[in-house]
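Report on the structure given below.
The values are calculated or read from the model by the stated rules, or taken from the named source; none is laboratory data. Bear in mind the structure is a predicted one, so any value in this text is a computation, not a measurement. Ideal geometry is used to build each Cβ from the backbone, glycine not excepted, and the neighbour counts take in all protein chains shown. Surface areas here come from the heavy atoms of the whole protein model, side chains and all, with no ligands, DNA or RNA. Shrake-Rupley method; radii C 1.70, N 1.55, O 1.52, S 1.80 Å.
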There are 2 protein chains.
Amino acid sequence: MANDRSYLASLQDYYARHRALPSYASIGTLLGLRSKSSVAALVARLKLAGYLESTPDRRLAPTSRFFARPLAATPVRAGLPDPVDDAEADAVTIDDYLIERPSSTVLVRVKGDSMQDAGILDGDLVVVEKRVSAEKGEIVVAIVDNQFTLKRLDLEGGQFVLRPENKAYPVIRPEGALEIFGVMIGLVRKL
Amino acid sequence: MANDRSYLASLQDYYARHRALPSYASIGTLLGLRSKSSVAALVARLKLAGYLESTPDRRLAPTSRFFARPLAATPVRAGLPDPVDDAEADAVTIDDYLIERPSSTVLVRVKGDSMQDAGILDGDLVVVEKRVSAEKGEIVVAIVDNQFTLKRLDLEGGQFVLRPENKAYPVIRPEGALEIFGVMIGLVRKL
DNA sequence: TAGAATAGCGAACGAACGTTCGGCGTGTCA
DNA sequence: TGACACGCCGAACGTTCGTTCGCTATTCTA
C-alpha cells in the first residue's frame, strides 16, 4: 500500500517525461519488479484507486486523478503532511482542463478593453473553439472588417448583434450576415 | 500531405479524450486506413514532422509540438489555405506559457468577487507560485484566518495591507505578520 | 501462534503488436 | 507518353504484449 504511492510517483515522472505509459515489462524494469504479474497486480490496484484506466482499445491510460496537479483548496501549512489521497486533486495539465477538441481550438490574443466587464482584459489569451454558428449569450470571436472581434452574441428583434461588455463601447449591428469565427470557451492570462 | 493534417487532428482529438495514443490497428480504424502499413507510413511522416516520437521502450508518444495550439493573429477566411506548417512559431502549449517552475506552482480556485475589477472572477483558477514574500503591487494569495485570500499587496505607512479590487470590499489590515502563501502569476478560466 | 491477507516471482500461452515487402492505382512532370 | 513518386492495400513475420496459474515470503491480526 504505502509503496504503491512511490510506484505511482515513478509512473507519473515517466509520464511527465514521455507523455505515454510504458509497457508492463518496462514498468517492471522501471520500478524494480521482476515479474510482469507483479506489475499486473500493481496496475489493478492503481486502476481500483482510480489512477489508471483502459482505453477502448485496451491500452493503459492515466485518469485525471493520475495527474494530481495540486489544486489547493484549503491552506496547507508548510510542514504538515500533504493529504494526497483524499483532497481530490483536480485539474490536470491546464491544456487538458481547457481544451476538449484540440484540432478545432485556437488561441486569440485580446486587444483592447471592450470586454473588461466580463473579466477579459487587454493582452489575455482567449481559448476559442472554431465554429461557424453560436447561440445567444455566448461570447464569440466574429470577423468584422477583416478583423477579429470578441463580443457577446445577443439577439435584437431576431437579428444577431455583438454586444461589448463595457459601457464605453457601442453595440455592433452587422449589416449583412454575421461571420462567426468561433466561440470562446476559456481564457488564459499571464501576468 | 494535405490529408496528414486531418489525420493528425483526429489523433490529437483521440489523445485529448484518452490521454494515450491508440495502437496502429486502432489508428487505422480511427482514420479509415485499412492497412497497418499505411498507418506505419503515416506515423513515420508525423515523426519526421516532429509531432510524434518513440519512447525508449519503443512506444509511440506525442511531442510538445503535438500539443501546440495555433495562436491566431489575423482572421483566416474559410477557404484560404491554412498556414499551419510554416507559421509554427506562433503555437504554444498553455502549460509552458503559464508555468515556469512546475514544482512550486499550484492552482487555486477563486471564490467570490472581491477581485473582479482586476478581471478575476468567481470560479477562475489562479496560477500561484508558492513564495513566502512578495512586493507591493503584486497579487498574492495570503493566509488569513486559516483561509486563502486573494488580494493585491499594498503598503500603507510601512505596513503591508491586502487590497481587494472591488469597492464593495474593505481593505484588510492584518494584525500580526502577514502570511503569504504565494504570488499570482496567471489565471485560467473555463466557461 | 495459526491463519489470512498481501506482494512478489517465474513460466507458459494465445493474442496483439509493429515491421516489412510486393503490388496497385493515381497524379505529376519532363 | 513514359517514368516516377506517393498513398494505400494485404499478407506474412517474429516479437512483445498482458493474462493466468501455481508458488514463496512477509506482514498483519485474531
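The table that follows gives values for the structure above.
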{"read-out": "Set A:Lys136/A:Lys167; A:Lys136/B:Lys151; A:Lys36/B:Lys36; A:Lys167/B:Lys151; A:Lys151/B:Lys47 screened for pairs whose C-alpha atoms are more than 31 Å apart", "value": "A:Lys136/B:Lys151; A:Lys151/B:Lys47"}
{"read-out": "FRET efficiency, 1/(1 + (r/R0)^6) with R0 56 Å, evaluated for A:Glu156 and A:Ala9 via beta carbons", "value": "0.50"}
{"read-out": "Whole-percent carbon and sulfur share, accessible surface of the stretch A:100-188, 1.4 Å", "value": "47"}
{"read-out": "5 angstrom amide H check on B:Phe181, placed H, neighbours 5+ away", "value": "B:Val141, B:Ala142, B:Ile143"}
{"read-out": "Karplus-derived 3J(HN,Hα), 6.51/-1.76/1.60, for each residue of the stretch B:145-160, Hz, glycine and proline x", "value": "6, 6, 10, 6, 9, 9, 8, 8, 7, 9, 10, 9, x, x, 10, 6"}
{"read-out": "Under 14 Å, Cβ to Cβ, from B:Arg17 - net charge with Lys/Arg +1 and Asp/Glu -1", "value": "-3"}
{"read-out": "Rounded tilt (10° steps) of B:36-48 against the dominant C-alpha axis of chain B", "value": "50"}
{"read-out": "In Hz, Karplus ³J(HN,Hα) per residue of the stretch B:126-143 (6.51, -1.76, 1.60; θ = phi - 60°; x = Gly, Pro)", "value": "9, 8, 10, 9, 5, 6, 9, 10, 8, 10, 3, x, 6, 8, 10, 9, 10, 9"}
{"read-out": "Cut-off 15 Å between beta-carbons: net charge of the residues surrounding B:Glu135, Lys and Arg +1, Asp and Glu -1", "value": "+1"}
{"read-out": "Ratio of Rg to Rh over chain A (Cα coordinates, Kirkwood Rh, two decimals)", "value": "1.15"}
{"read-out": "Length-normalised contact order of chain A in % [C-alpha pairs under 8 Å, at least 6 apart]", "value": "14"}
{"read-out": "In order through the stretch A:186-191: 3J(HN,Hα) via Karplus (6.51 cos²θ - 1.76 cosθ + 1.60), integer Hz, x for Gly, Pro", "value": "x, 8, 10, 10, 10, 8"}
{"read-out": "Projected label distance in nm at A:Ala25 and B:Lys190, using a 7 Å step from Cα toward the beta-carbon", "value": "3.8"}
{"read-out": "For the protein assembly as shown, convex hull volume per residue from C-alpha positions, Å³", "value": "171"}
{"read-out": "Highest-MSF residue in chain A out of A:Gly123, A:Gly157, A:Gly32 [GNM, Cα springs under 10 Å]", "value": "A:Gly157"}
{"read-out": "FRET E, pair B:Ile172, A:Ala41, Förster distance 45 Å, beta-carbon r, rounded to 0.05", "value": "0.30"}
{"read-out": "Kirkwood hydrodynamic radius over Cα pairs of the stretch A:100-188, then Stokes diffusion coefficient at 4 °C and 1.567 mPa s, in µm²/s", "value": "99"}
